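The structure appears right after this line, and notes come after that.
The values are calculated or read from the model by the stated rules, or taken from the named source; none is laboratory data. Because the structure is predicted, anything quoted here is derived from the model rather than measured. Glycine gets a Cβ as well: all are built from the backbone with ideal geometry, and neighbour counts include every protein chain shown.
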Amino acid sequence: MKKQRAFTLVELMVTLAVFGILAVAAIPAYNGYVRSNRLITDTNAFVGALNFARSEAIKRNAPVSVCKSSDGATCLNNNSNWNTGWLVFVNNDNDSPAQVDAGEEIVRVYGPVGADDTLAPPSTLLSSITYTVNGFSNAQGQFILCDSTGASSARAITISRTGRPSLTTGGGTCTPS
């Protein structure tokens, strides 16, 4: 008869202890990974919306605006952050601040940023950005996207005079300029 082999209770307990130690070390790193990816996703969504609005203005030969929105149908014209989301629409009457009026097509709607993230506009640009038929924007400035870790992971989305957005990461401040 062959002898059966199995793990002893001591071997099982040592294995579980090693697994527990590794899990305790890995969970904070995983949370940082998730937070970083959420911030990257929010950044890409906002920069993508700006680039999309700029190209649509050129393609349609009409002003296209990006405005903050909480319902995906109307623009918010208050002094709050853009955390609730934004939308891109054809701004036929080129009103300022931009508002979705009857007959103006909403081209794309974006949802809110992550729960711990804030997207703060520059003081000169609180509620909307409008791109003209040549791709220039009506304003310039720097949006700051931050999460709960603060300035070390801050992302600055700068809209230049020509309307082109650019990105700077880390080492910034979590207040707009």
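Listed values, structure above:
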{"item": "Tabulated pairs, region 156-177, first closer than 19 Å to Thr130 by Cα and of a type in the set (Lys, Arg), second outside any strand (DSSP E or B) and modelled with pLDDT of 85 or more, C-beta under 7 angstrom, 6+ apart or interchain", "result": "Arg161/Gln140"}
{"item": "Some residue of region 80-95 being of a type in the set (A, V, I, L, M) and modelled with pLDDT under 90", "result": "no"}
{"item": "Filter result for the condition that a residue is surrounded by fewer than 16 Cβ atoms within 10 Å (Cβ to Cβ) and either within 23 Å of Gln99 (Cβ to Cβ) or not hydrophobic (A, V, I, L, M, F, W, C) (or both), over Thr118, Thr130, Thr168", "result": "Thr168"}
{"item": "Selection from region 24-73 of residues that are in a loop (DSSP other than H, G, I, E, B) and basic (Lys, Arg)", "result": "none"}
{"item": "Residues of region 8-52 classified as over 15 Å from Ala154 (Cα atoms), touching a strand residue (DSSP E or B) at 6+ places or on another chain (Cβ under 8 Å) and of a type in the set (A, V, I, L, M), total", "result": "3"}
{"item": "Which numbered condition Lys68 misses (of (1) modelled with pLDDT under 95; (2) under 18 Å from the mean Cα position of the chain (by Cα); (3) farther than 17 Å from Glu105 by Cα)", "result": "(3)"}
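Yes/no per residue for (1) without any contact (Cβ under 8 Å) to a residue 40 or more places away in the chain; (2) over 21 Å from Asn138 (Cα atoms); (3) in contact with a His (Cβ under 6 Å, 6 or more places away or on another chain):
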| site | (1), (2), (3) |
| --- | --- |
| Arg35 | no, yes, no |
| Ala45 | no, no, no |
| Leu50 | no, no, no |
| Glu56 | no, no, no |
| Lys59 | yes, no, no |
| Lys68 | no, no, no |
| Ala73 | yes, yes, no |
| Asn79 | no, no, no |
